[in-house]
Amino acid sequence: AKATFANMNQVDPQLGAFLNLNEDQALQQAAALDQNGIDANNVFAGIPMAVKDNIVTKGLTTTAASKMLENFVPVYNATVVDKLLASNALIVGKTNMDEFAMGGSTETSAFHVTRNPWDISRVPGGSSGGSAVAVASGQVPVALGSDTGGSIRQPSSFNGIVGMKPTYGRVSRWGLIAFGSSLDQIGPMTRTVKDNAAALNMIAGNDVHDTTSSKQTVPDFTAGLTGDIKGMKIGLPKEYMGDGIDPKVREVIQQAVKQFEDLGATVEEVSLPNSRYGVAAYYIIASSEASSNLQRFDGIRYGFRADDVKNLEDVYVRSRSEGFGDEVKRRIMLGTFSLSAGYYDAYFHKAGQVRTMIINDFNKVFEDYDLIMGPVAPTPAFKLGDELSDPITMYMNDVLTIPVNLAGLPGMSVPAGFADGLPVGLQLIGKAFDESTMYRAGYAFE
Ligand code: GLN
């Protein structure tokens, strides 16, 4: 634990993966483990881990990278945090992110930027950019992220690490600061597939505090990692390899296809015809849910309150105007508009219908295939500052990850190669609650 903090203090000032550290507590916890001994079956005892700062940690400041929560100290732990602590893992700190997880570059954080360790002039991706960098730069072997539209997978792709967005309901959302409640999932980010499977073992499972968490039994995700995937049937959606995908990314994925074939899998072209409507539907649905979820930040119950307010209305308006950043305000306005009486049918309701069509596309492919594969993102990591001023370009980055959240399916990024020296991830998409097959394939491939 001491070496971990010494290394973090060396490495992180250049990268900015962390928002705040938990040094005293983690060292105390480590000392207690030294004293009491470690259960040999407990693979995570004493292992340093990082937690995205939208996951609440009792007694440890949790900001969701927003000025609104700058000094917010939670009074309870998220279920996943309790599970980490029950495994005797050490929480070494909270990681930077896009404000309230809204973004794809970690640049909307109210506090500082995070740099990509492969090229510090580039973004780490987002919104779980801090978690991805904490792992990629060797500061910790495991970090937790959250994924509403791609926020675990895209930064994993940009940093050359493994990131799993589990099936909706696989992991409890209790204590995850809500963004889009029908889309949000917490998942592990690691350097290897095996570590990732072990970390999902640790955090998965039903939770009475989250009524959307599933009662499905949780298998041992590390069990099937044999390297044998002969006979596996994989679909490659033609929509995921077409226009708009950087040719160098496409090439890496084509290489991956060959590798899967060499391993004895069959890879065939399939179609997800409605996936191109995913971005439009997602930004209506996610923003609508966000506009509702973020109502609680009213300047009274949590966090930031504006100074010198005149009356109650002023408390609300000024606290929210000053406490939220531009991207969060954009989502609140978009969501409030989509849900308003005159526009509900044209936008929110319509987006829900599109969501059903996207789900049906996946179901059809999964009648014949075990897995779907393709790129995670259309490009490798872009330069800091390049896309922040252009929300639509930023939103289009999510075109390949969003359909998975809309359908509630598990999606994983596995390092597949490089384009111009920058990491490129392969996305594996599984059937609901079949993360095991994804891990089996990812393990054979990596
Ligand atoms: N980039 C997407 C967005 O801005 C996804 C974010 C996420 O998954 N949290 O909404």
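Please work out whether the range 382-446 counts as rounded, prolate or oblate from its C-alpha gyration tensor, where a ≥ b ≥ c are the square roots of the eigenvalues and a/c under 1.5 means rounded, while otherwise a/b larger than b/c means prolate and anything else oblate? Oblate. Charge tally around Tyr369: other residues with Cβ under 13 Å, Lys/Arg +1 each, Asp/Glu -1 each, net -4.
Of all beta bridges DSSP finds with both residues in the chain, what is the antiparallel percent, to the nearest 5? Antiparallel bridges: around 70 percent, rounded to the nearest 5. Dipole of the range 108-236 computed with +1 at Lys/Arg Cβ and -1 at Asp/Glu Cβ about the Cα centre; of Gly227, Gly163, Gly125, farthest Cα towards the positive end is Gly227. With the cut-off at under 20 Å, measuring from each backbone N in the range 363-393 to a point 7 Å along the Cα-to-Cβ line of Phe418 picks out 376-384. Protection proxy ranking of 183-190, 76-83, 21-28, 196-203, by the mean of other Cβ atoms within 10 Å over each peptide's residues and highest first, is 183-190, 196-203, 76-83, 21-28. Only helical runs count toward this figure. For the chain, summing -39,500 (n - 2.57) over DSSP H runs of n ≥ 4 and dividing by all residues gives -11000 deg cm²/dmol at 222 nm.
Is there a pair in Lys194/Lys215; Lys58/Lys94; Lys194/Lys233 whose C-alpha atoms are over 19 Å apart, and which pairs would that be?
On the way: Lys194/Lys215 24 Å; Lys58/Lys94 12 Å; Lys194/Lys233 22 Å.
Check vs 19 Å cut-off fails for Lys194/Lys215; Lys194/Lys233.
Taking K and R as +1 and D and E as -1, what net charge do the other residues with C-beta under 11 Å from the C-beta of Thr79 add up to? The answer is -1. Checking the a/c ratio against 1.5 first, then a/b against b/c, what shape does the Cα gyration tensor give for the range 217-318? Note, shape of the range 217-318 comes out prolate. Couplings 3J(HN,Hα) of the range 360-366, computed from phi: 4, 4, 5, 4, 5, 4, 6 Hz, in residue order, whole Hz [Karplus 6.51 cos²θ - 1.76 cosθ + 1.60, θ = phi - 60°; x for Gly and Pro]. When Rg and the Kirkwood Rh are both derived from Cα coordinates, the Rg/Rh ratio for the chain amounts to 0.96.
With the Cα gyration tensor of the range 68-124 giving a ≥ b ≥ c as the square roots of its eigenvalues, does the rule (a/c under 1.5 for rounded; else a/b larger than b/c for prolate; else oblate) give rounded, prolate or oblate? Provide the component values of the computation, followed by the final result.
Values: a/c = 2.78, a/b = 1.58, b/c = 1.75.
Oblate.
Lysine pair count for the range 292-446 (Cα-Cα distance under 29 Å; residues 8 or more apart in sequence or on different chains): 6.
Close amide-amide hydrogen proximity is noted between Ala306 and Ser319, each under 5 Å apart and 5 or more residues distant or on a separate chain (H modeled in the peptide plane; Pro and chain starts excluded). Once the C-beta distance of Ser181 and Glu322 is scaled by a Förster radius of 25 Å, the resulting FRET efficiency is 0.45 to the nearest 0.05. Structural descriptor for the chain: relative contact order 18 percent, calculated from alpha carbon pairs under 8 angstrom and at least 6 residues apart.
What does the charge count around Pro415 come to, taking other residues whose C-beta lies under 14 Å from its C-beta (Lys +1, Arg +1, Asp -1, Glu -1)? The partial results should precede the final answer.
Details: positive: Arg153, Arg191, Lys194; negative: Asp195, Glu446.
That works out to +1.
Applying the Karplus relation 6.51 cos²θ - 1.76 cosθ + 1.60 with θ = phi - 60° to the range 129-138 yields 3J(HN,Hα) values of x, x, 4, 5, 5, 4, 7, 5, 8, x Hz, where x marks Gly and Pro.
Give me the number: length gained by fully extending Val315 to Ala32, i.e. 0.36 nm times residue separation minus the C-alpha to C-alpha distance, one decimal in nm. Could you put the intermediate results ahead of the total?
Numbers: separation 283, 0.36 × 283 = 101.88 nm, distance 4.54 nm.
Working it through step by step, the gained length comes to 97.3 nm.
Taken one residue at a time, the phi angles of the range 268-285 give Karplus couplings (6.51, -1.76, 1.60, θ = phi - 60°) of 10, 6, 10, 10, 10, x, 8, 5, 5, 8, x, 4, 4, 5, 4, 5, 6, 5 Hz. Gly and Pro are set to x. Please build a GNM for the chain, connecting alpha carbons under 10 Å apart, and tell me which residue among Gly224, Gly149, Gly342 fluctuates the most. Ranking Gly224, Gly149, Gly342 by mean-square fluctuation puts Gly342 first. Search the structure for amide H atoms under 5 Å from the amide H of Ile91, placed 1.01 Å from N in the peptide plane, and list their residues when 5 or more places away or on another chain. Correct list: Met49.
Mark the label point 7 Å from the Cα of Ile359 along Cα→Cβ and return the residues of the range 417-445 whose backbone N is within less than 13 Å of it. Of the residues in the range 417-445, 432 have backbone N under 13 Å from the label point off Ile359. Short-range pairs are left out: with C-alpha atoms under 8 Å and at least six residues apart, the relative contact order of the range 127-196 is 38 percent.
Carbon-plus-sulfur accessible fraction, the chain (probe radius 1.4 Å, protein heavy atoms only): 51%.
Near the amide H of Arg122, within less than 5 Å, lie the amide hydrogens of Asn116, Leu384, all on another chain or at least 5 residues away, with H placed in the peptide plane.
The values are calculated or read from the model by the stated rules, or taken from the named source; none is laboratory data. These numbers were taken from a predicted model, which means no experiment stands behind them. Note that we place each Cβ from the backbone using ideal geometry, even for glycine, and neighbour counts take in every protein chain shown. Only protein heavy atoms, including side chains, enter the accessible area calculation; ligands, DNA and RNA are left aside. Shrake-Rupley method; radii C 1.70, N 1.55, O 1.52, S 1.80 Å.
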